[in-house]
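Take a look at the structure set out below.
We did not get these values from a lab; they are worked out from the coordinates using the rules stated. Note that the structure is a prediction, hence the values are computed from the model and not measured. Cβ sites come from the backbone with ideal geometry, for glycine too, and all protein chains shown count toward neighbours.
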Amino acid sequence: ISGTVVTGSGTGVLGDSKTFKTFSTADGYYMFDGTRGNGIYTYDGRNQTRIPGSLWLDADNRFNTTYDRAAVDAHTYAAWTYDYFRNVHNRNSYDNAGAELVSTVHYGRSYNNAGWTGSQMIYGDGDGYNFRAFSGSLDVVAHELTHAVTDFSADLIYQNESGAINESMSDIFGTLTEYHFNNNPDWLMGEDIYTPGTPGDALRSMADPTLAGDPDHYSKRYTGTQDNGGVHINSGIGNKMAYLLANGGTHYGVKVNGIGNDKVGKVMYRTLTQYLTPTSNYSHFRASAVRAATDLYGASSAEVASVKQAFSAVGVY
Ligand SMILES: O=C(O)[C@H](CCc1ccccc1)CC1(C(=O)N[C@@H](Cc2c[nH]c3ccccc23)C(=O)O)CCCC1
Ligand SMILES: [Zn+2]
């Protein structure tokens, strides 16, 4: 179809106004952003589970109905996350070759989850009590897109320790993306869409994983078979490590000197894209992060020392 890139405006899941790129055609305005990579496409799942559904079409380029809100945020936050990886890590989409970013919102009926299918993002509306529309949280959108980056780099197997590191990387870049855009940033995950009736709680805490019952030390790791061997549980070990590496602190008697968010982003990005492999475990995660920090800052640098401190603080050697 022929048309021109224009700027649309609308209301997000939290009732906030935002603008984004749309595509003006004879049929109306599509949620297609032709200014980033090979394009960002947002689809309407129409509360079915057939994907991708229908490319989102609007009559007047103003997206202010309640039904529009999930699409506004999925489209906007996909663009922001594209910009984060492009501008901060010089990566052109998840494959570093401009791969199209495809999202489907209104996936399923009251579907209480989101996900990366291996080729696109899907976002449920939530049931309105436990969750609201999952695309309403920037850290969730960046979490899902980071799964795509991981699949096209380390390709960490989604189970047991490699799966927990996969999950932790998604929580880490979800949080770093939130800080990059200063979008009510915190070291919580999904706080904007979790239990809308209960302010201040979250799906996970990276600052204190035990708030969600997740381990904050390797000695407390889950070794059962639920959740693909605890990928969303043992991610707490990597999440706590990253929190300490960025902010500093003393954990189980081990002092960590913080190096700040930006350096954590550089070390974790290089670790993920240069050193981790599909079968990496937490011990290999430590070795990989030390190598990445050594490449970036030198073997005798404070940053390398802090990486070692952070992994020691969560019991990983
Ligand atoms: O991307 C992911 O890791 C999660 C999707 C994982 C998935 C993988 C394969 C098939 C289906 C689902 C989605 C998110 C997640 O962490 N889900 C957790 C927590 C969760 C969400 N909704 C739930 C409903 C019931 C129980 C747990 C959950 C999970 O699937 O465990 C990430 C950010 C927010 C939602
Ligand atoms: Zn995940």
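Could you calculate the FRET efficiency of residue 228 with residue 64 from 1/(1 + (r/R0)^6), where r is the beta carbon distance between them and R0 is 30 Å, rounded to 0.05?
0.15
Could you give me the ³J(HN,Hα) list for the range 177-193, computed from phi with Karplus coefficients 6.51, -1.76, 1.60 and θ = phi - 60°, whole Hz, x at Gly and Pro?
5, 4, 5, 4, 9, 6, 9, 6, x, 6, 9, 9, 10, x, 4, 6, 10
HN-Hα J couplings of the range 98-104 from phi, Karplus 6.51/-1.76/1.60, θ = phi - 60°, integer Hz, Gly and Pro as x?
Going residue by residue, I get x, 3, 4, 9, 10, 10, 10 Hz, with x marking Gly and Pro.
Would you mind classifying the range 89-139 by shape? Square roots of the alpha carbon gyration tensor eigenvalues, ordered a ≥ b ≥ c; an a/c under 1.5 is rounded, otherwise it is prolate if a/b is larger than b/c and oblate if not.
Prolate.
Would you mind checking the radius of gyration and Dmax of the range 1-147 based on alpha-carbon positions, in Å?
Cα-based Rg and Dmax for the range 1-147 come out at 14.0, 42 Å.
Express in nm, to one decimal, how much length is gained between residue 90 and residue 212 on full extension, taking 0.36 nm for each residue of separation and deducting their alpha carbon distance.
40.5 nm
Let's test this: bin the Cα-Cα distances of the chain at 20 Å from zero up to the farthest pair and state each bin's percent.
Binned Cα distances yield the sequence 34, 55, 11, 0.
At a threshold of 8 angstrom on Cα-Cα distance, excluding pairs fewer than six apart, so keeping six or more, what relative contact order does the range 43-88 reach in percent?
So the answer I get is 25 percent.
Computed FRET efficiency, Cβ-Cβ of residue 302 and residue 26, R0 51 Å: what is it to the nearest 0.05?
Efficiency, from the Cβ-Cβ distance: 0.30.
Under a Cβ-only charge scheme (Lys and Arg +1, Asp and Glu -1), can you give me the dipole magnitude of the range 42-87 about the Cα centre, in debye to the nearest 20?
Charge dipole of the range 42-87: 140 debye, to the nearest 20.
If R0 is 51 Å, what FRET efficiency do you get for residue 129 and residue 2 from their C-beta distance, rounded to 0.05?
According to the calculation, E is roughly 0.70.
Over the Cα atoms of the range 164-305, what radius of gyration and what Dmax do you get, in Å?
14.9, 49
Report the one residue of 116, 74, 63 whose Cα lies farthest in the direction of the positive end of the charge dipole of the range 50-128 (charges on C-beta: Lys and Arg +1, Asp and Glu -1; origin at the Cα centre).
After comparing all options, I get 116.
Return a whole-number percent for the relative contact order of the chain, with Cα pairs under 8 Å and 6 or more residues apart as the contact set.
12 percent
When you count, for each residue, the other Cβ atoms within 10 Å and take the mean per peptide, how do 172-182, 150-160, 218-228, 251-261 rank with the highest first?
Ranked by mean Cβ neighbours within 10 Å, highest first: 172-182, 150-160, 251-261, 218-228.
Which value in nm describes the separation of the simple spin-label points at residue 48 and residue 247, placed 7 Å from the Cα toward the beta carbon?
Each label point lies 7 Å from its Cα, and together they span 4.5 nm.
Per the helix-only calculation at 222 nm, which mean residue ellipticity applies to the chain, given -39500 (n - 2.57) for every DSSP H run of n ≥ 4 and division by its residues, nearest 500 deg cm²/dmol?
So the calculated ellipticity at 222 nm is -11500 deg cm²/dmol.
What angle, in degrees between 0 and 90 and rounded to the nearest 10, separates the Cα long axis of helix 302-313 from the longest principal axis of the Cα atoms of the chain?
The two axes meet at around 90 degrees.
Placing +1 on the Cβ of each Lys and Arg and -1 on the Cβ of each Asp and Glu in the chain, which of 150, 300, 49 has its Cα farthest towards the positive end of the resulting dipole?
Ranked along the dipole, the leading option is 300.
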